[in-house]
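**Q** Please read through the structure below; I'll follow up with questions.
The values are calculated or read from the model by the stated rules, or taken from the named source; none is laboratory data. Not measured: the values here are computed from a predicted model. Cβ coordinates were reconstructed from backbone atoms using ideal geometry, including for glycine residues, and neighbour counts include every protein chain displayed.
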Amino acid sequence: MKLGFVSDSLGGRTFNGLLDEAARLGVDGVEVNTGGWSTAPHFDLAAMRSNASARKDFLKAFADRGLEVISLNANGNPLHPTDPAQAACLKDTIRVAGDMGIKTVCTMSGLPAGSAEDRMPNWVVSSWPPETQAILRYQWQDVLIPFWDEIAALAKQAGVERIALELHGNQCVYNVPSLLKLRQAVGPVIGANLDPSHLFWMGADPLAAAQALGEAVFHVHAKDTMLNTPVQATTSLLENGSLMDIPARSWSYITLGFGHGEEWWRRFCYRLKMAGYDGWLSIEHEDVMLSSIEGLEKSVALLKNVMPTQSSDFKPQEI
């Protein structure tokens, strides 16, 4: 496996400052945010789309420091009913990735409105009352699958081999069954960006998810979640309080090791290997109580201690 982090983890640094810190931390690469829910401070998508020299200089800055571009990440809601810029960002990200020889694009599946007349996304997480099923039929059959058929064709044309969808709340694809359902409908270009932090607060088991996804794991975000048991006891994990008010929340994103210890992350890495995954672990720092540098340093140290980096050479003796 290889180790890196998401560029927005150091969103306050300049582009060169970001890469210098990556080199200092001893990681192998950086996953680059391109837009959507990110201001993309390190990547001018329009300039990269139109300027081959800009793309060349961008890649050279990585290579000069011995770093790789892990993937491009257009995280957002490409199916937002009133914000077409989100879908445009994803499409341009795929085109630019193809131009730069980057084979993986990370994104979200998207979440449409509940009907053609609605203007706000609608996330259905229960089977009752009956209108929930009408919403799901509209979202999947009328919007989601046709959109991703189009994106799969664009990826093939651009030379992008893997679209890694983050299993994320407020998206149509948020767990293993929904990822596999879309993959079956659209094809093997669709896979998972497996981020344990979201599965923790939704009550799923990332270890079991890795096994169930198997070859459909295209990418891994290394991010942890703290479950605040005393608060959870009265509010549940259905949390809509401020992300900045950690003590009041039933769950919060947190630096690796502060929510689940080194032993858990060691088992997670091994489960990924068992599932056939030998790709990137990309740290996404979103802990509001620790500085970004401290959070990354602690996360890098933890993963370097637990992640396998070499191929197996074990062979049974001939006896």
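**Q** Enumerate the pairs (first residue in the stretch 104-124 and over 28 Å from Ile70 (Cβ atoms) and in contact (Cβ under 8 Å) with a residue 12 or more places away in the chain; second residue anywhere and charged (D, E, K, R) and outside any loop (DSSP other than H, G, I, E, B)) with beta-carbon separation below 9 Å, excluding pairs fewer than 6 apart on the same chain, so at least 6 apart or on different chains.
**A** Final answer for the pair search is Pro112/Asp142; Gly114/Glu131; Ala116/Asp142.
Quick grid of which residues meet (1) within 18 Å of the chain's Cα centre (by Cα); (2) surrounded by 15 or more Cβ atoms within 10 Å (Cβ to Cβ); (3) β-branched (Val, Ile, Thr):
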{"residue": "Leu10", "(1), (2), (3)": "yes, yes, no"}
{"residue": "Phe15", "(1), (2), (3)": "no, yes, no"}
{"residue": "Leu18", "(1), (2), (3)": "no, yes, no"}
{"residue": "Gly36", "(1), (2), (3)": "yes, yes, no"}
{"residue": "Ala40", "(1), (2), (3)": "yes, yes, no"}
{"residue": "Ser53", "(1), (2), (3)": "no, no, no"}
{"residue": "Gly66", "(1), (2), (3)": "no, no, no"}
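**Q** Same structure again: Run Ser299 past the list (1) among the polar types (S, T, N, Q); (2) more than 23 Å from Pro177 (Cβ to Cβ); (3) more than 21 Å from the chain's Cα centre (by Cα); (4) at pLDDT 95 or above and report the number of the one that doesn't hold.
**A** Among (1) among the polar types (S, T, N, Q); (2) more than 23 Å from Pro177 (Cβ to Cβ); (3) more than 21 Å from the chain's Cα centre (by Cα); (4) at pLDDT 95 or above, the lone unmet condition for Ser299 is (3).
**Q** Scan Ala233, Ala248, Ala212, Ala222 and give me the residue that is touching a Gly at 6+ places or on another chain (Cβ under 8 Å) and either more than 24 Å from Val32 (Cα to Cα) or at pLDDT 95 or above (or both).
**A** Working: Ala233 fails: touching a Gly at 6+ places or on another chain (Cβ under 8 Å); Ala212 fails: touching a Gly at 6+ places or on another chain (Cβ under 8 Å); Ala222 fails: touching a Gly at 6+ places or on another chain (Cβ under 8 Å).
Testing whether each residue is touching a Gly at 6+ places or on another chain (Cβ under 8 Å) and either more than 24 Å from Val32 (Cα to Cα) or at pLDDT 95 or above (or both) leaves just Ala248.
**Q** Being over 19 Å from the mean Cα position of the chain (by Cα) and exposed (fewer than 15 other Cβ atoms within 10 Å of the Cβ) is the filter here; which residues of the stretch 268-287 pass it? Quick ask: steps written out before the conclusion?
**A** Step one: of the stretch 268-287, the residues over 19 Å from the mean Cα position of the chain (by Cα) are 270, 274.
Met274 - this is the single residue of the stretch 268-287 that is over 19 Å from the mean Cα position of the chain (by Cα) and exposed (fewer than 15 other Cβ atoms within 10 Å of the Cβ).
**Q** So how many residues does the stretch 152-185 have that are closer than 16 Å to Cys106 by Cβ, among the aliphatic types (A, V, I, L, M) and out of contact with any Ser or Thr (no Cβ under 9 Å at 6 or more places or on another chain)?
**A** 4
**Q** Go through the stretch 190-207 and report how many residues are more than 15 Å from the chain's Cα centre (by Cα) and more than 19 Å from Asn170 (Cβ to Cβ).
**A** If we filter the stretch 190-207 for residues that are more than 15 Å from the chain's Cα centre (by Cα), which is where we start, we get 201-205, 207.
So of that shortlist, the ones also more than 19 Å from Asn170 (Cβ to Cβ) come out as 205, 207.
Summing the residues that are more than 15 Å from the chain's Cα centre (by Cα) and more than 19 Å from Asn170 (Cβ to Cβ) in the stretch 190-207 gives 2.
**Q** Output yes when any residue across the stretch 101-111 is at pLDDT 95 or above, crowded, with 16+ Cβ neighbours inside 10 Å, in a loop (DSSP other than H, G, I, E, B) and of a type in the set (Gly, Ala, Ser), and no when none is.
**A** Restricting attention to the stretch 101-111, the residues satisfying the condition of being at pLDDT 95 or above are 101-111.
When the remaining residues are screened for being crowded, with 16+ Cβ neighbours inside 10 Å, the result is 102, 104-111.
Imposing the further condition that a residue be in a loop (DSSP other than H, G, I, E, B) reduces the set to 102, 108-111.
From the residues that got through so far, the ones that are of a type in the set (Gly, Ala, Ser) too are 109-110.
Yes.
**Q** If I ask for residues that are buried (at least 20 other Cβ atoms within 10 Å of the Cβ) and either of a type in the set (D, E, K, R) or at positive phi (or both), which ones from the stretch 194-248 would you list?
**A** Answer for the stretch 194-248, where residues must be buried (at least 20 other Cβ atoms within 10 Å of the Cβ) and either of a type in the set (D, E, K, R) or at positive phi (or both): Asp195, Lys223, Asp224.
**Q** Could you tell me which residue of the stretch 165-189 is surrounded by the most Cβ atoms within 10 Å (Cβ to Cβ), considering only residues that are more than 20 Å from Gly276 (Cα to Cα) and under 15 Å from the mean Cα position of the chain (by Cα)?
**A** Cys172
**Q** Right, something else. Would you check if Ala210 is assigned to a helix (DSSP H, G or I), within 15 Å of the chain's Cα centre (by Cα) and in contact (Cβ under 8 Å) with a residue 12 or more places away in the chain? Please lay out each step first, then the result.
**A** Values: assigned to a helix (DSSP H, G or I): yes; within 15 Å of the chain's Cα centre (by Cα): yes; in contact (Cβ under 8 Å) with a residue 12 or more places away in the chain: yes.
So Ala210 passes the test.
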